[in-house]
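Let me begin by presenting the structure, written as structure tokens, before commenting on it.
The values are calculated or read from the model by the stated rules, or taken from the named source; none is laboratory data. On a predicted model such as this, the values are computed, not experimentally measured, just so you know. Don't worry about glycine lacking a Cβ; one is built from the backbone with ideal geometry, like all the others, and counts go over all protein chains shown. Surface accessibility is based on the protein's heavy atoms, side chains included, excluding ligands, DNA and RNA. Shrake-Rupley method; radii C 1.70, N 1.55, O 1.52, S 1.80 Å.
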Amino acid sequence: MDYPKLRSIDVFPCEASGQKVIGLRDPSRLDDTVLLVSYPVFFVMSLFDGTRSLLDIKTEYMRKFGEILYAERLEEIIQYLDDHYLLDNERFESYRRKLEEEFTTAHLRKAVFAGTGYDADPQRLIEQLDGFFSAPRGPGTPGAVRTGEPLKGLIAPHIDFQRGGTCYAWPYKALLELPPPDLFIVLGTVHVPTKNPFVLTRKNFETPLGTVPSETALIASLEKKLPFDPFQDEIVHKTEHTIEFQLLFLNYCFRDKVPFKIIPVLCSSFHDAITEGISPLDKPYFHAFITALRETVEASPYQTCFIASADLAHCGIRFGDASPPSSDFLRNLEREDRALLSSVEAMDGEAFYRSVQRDKDRRNICGLPPIYTLLSVLDAAQGRLLDYQQSVEPGGGSVVSYASLVFS
């Protein structure tokens with residue numbers, strides 16, 4: 001504790017009781033608590049880099065505010081963060097190892113967001129999902145199943161249901177109106193750093209509408225083809241919501257109808273490729289995974305559908321921009337997003353990637369990895385944009401955009 005070091009955490013401005021404060025959250029959600037701290041306390045925390053002593057921190061506080069930071073107050077701040085495992089120290093490492101061991105030995109990935117991200121009661125959850133189809137912005141009630149080929153792929157958001165529920169409903173309505181696939185390869189976005197570009201799990205996924213089984217034989221076949229360990233960071237599946245939210249819709253669509261299995265894949269950041277100015281396919285591990293996944297799918301007996309769980313832009317104060325989005329900004333954002341999605345509809349993964357790389361991912365397209373991965377493996381003629389939405393935070397400080405598409 002003599003040289004405190006803060007972990008990499010989510011930081012965002014917010015208000016509490018009319019006061020401007022800073023919100024802190026563990027992006028890996030090993031601790032779910034959102035902490036609120038004052039701006040002076042946040043300044044103190046920003047000095048927790050592992051190289052400054054307590055004396056150094058008190059000296060810099062005095063230089064900044066002209067006030068003494070007493071040792072007791074500094075120790076309180078350190079203890080507050082340590083209680084919630086936000087410091088990079090042995091206590092956190094021990095806690096993380098314990099959670100990893102428990103998750104590794106479990107056969108089931110629990111429904112972590114049941115009761116918070118969506119209703120945990122099965123009947124009320126069905127009513128909640130029904131409402132996304134019938135809402136004014138929704139696609140309407142699904143019609144009868146038509147003849148033809150099943151969908152080969154779809155893109156749906158992973159934003160919370162309260163904001164994006166109707167956008168989810170559009171591609172799942174299309175899925176319901178065609179013959180059903182029996183294997184879904186769900187490409188989620190992982191929001192924390194990982195050692196490898198993709199992370200698998202063999203676990204079945206719990207939902208309030210029933211357990212979704214993973215196709216462990218195909219996962220084992222895929223693993224054998226890879227030059228890296230796709231389970232090295234398996235713990236990130238424990239609290240990542242981007243696959244869980246899609247499985248709720250899959251179970252809703254096919255409950256009491258047809259059985260299906262999944263291959264759950266979390267896709268890591270393309271930050272290194274963007275910085276280096278190269279395509280992700282130039283990365284050996286990424287290329288190897290795409291090749292192995294294609295071979296695995298082609299050799300399987302399943303009718304397969306790929307799902308990319310992906311949001312688009314994240315702009316505004318909460319995401320590091322200097323100012324909130326204006327009306328003109330939002331109009332330009334939609335224009336840029338729709339131009340980006342035209343490459344997705346054309347099945348041109350490289351054009352999609354280059355348009356993000358060109359401005360160094362200025363808009364923070366968090367769905368870049370799963371969408372690019374889907375375009376790299378999907379054997380489809382074209383995509384079709386069904387819905388596009390923007391969600392502006394109350395107060396107008398930030399915006400998230402997202403869309404839904406289908407591929408046939």
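Show me 17-29, 391-403 ranked by packing, highest mean number of other Cβ atoms within 10 Å first.
391-403, 17-29
To the nearest 20 Debye, how big is the dipole of segment 138-205 about its Cα centre, given +1 on the beta carbon of each Lys and Arg and -1 on that of each Asp and Glu? Can you show the working numbers first?
Values: 7 positive and 4 negative charges, 47 e Å.
Approximately 220 debye in magnitude.
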- How do 168-177, 38-47, 133-142 rank on mean C-beta neighbours within 10 Å, highest first? 168-177, 38-47, 133-142
- Message: Quick check on segment 63-112: what does the Kirkwood estimate of hydrodynamic radius come out to from the alpha carbon pairs, in Å?
- Response: 13.8
- Query: Of the residues ASN204, ASN251, ASN332, which exhibits the maximal mean-square fluctuation in a Gaussian network model of the chain defined by a 10 Å Cα contact cut-off?
  - Reply: ASN332
- Task: Give me the accessible area per residue for segment 245-350, probe 1.4 Å, as a whole number in Å².
- Result: 44
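Given 4 °C and 1.567 mPa s, compute D for segment 5-141 with the Stokes-Einstein relation, Rh being the Kirkwood radius over Cα pairs; round to the nearest whole µm²/s. Kindly include the intermediate steps, with their values, before the conclusion.
Numbers: Rh = 18.3 Å.
Estimated diffusion coefficient is 71 µm²/s.
Rounded to the nearest percent, how much of the accessible area of segment 246-328 (1.4 Å probe, protein heavy atoms only) is carbon and sulfur? Don't skip to the answer; put the middle values down first.
Details: 1790 of 3570 Å².
Carbon and sulfur together cover 50 percent of it.
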- Query: For all pairs of alpha-carbon atoms in the chain, what percent lies in each bin of width 20 Å, listed from the first bin to the last filled one?
  - Reply: 25, 56, 18, 1
- Residue-normalised accessible area of segment 95-155, expressed per residue, 1.4 Å probe, Å²: 59
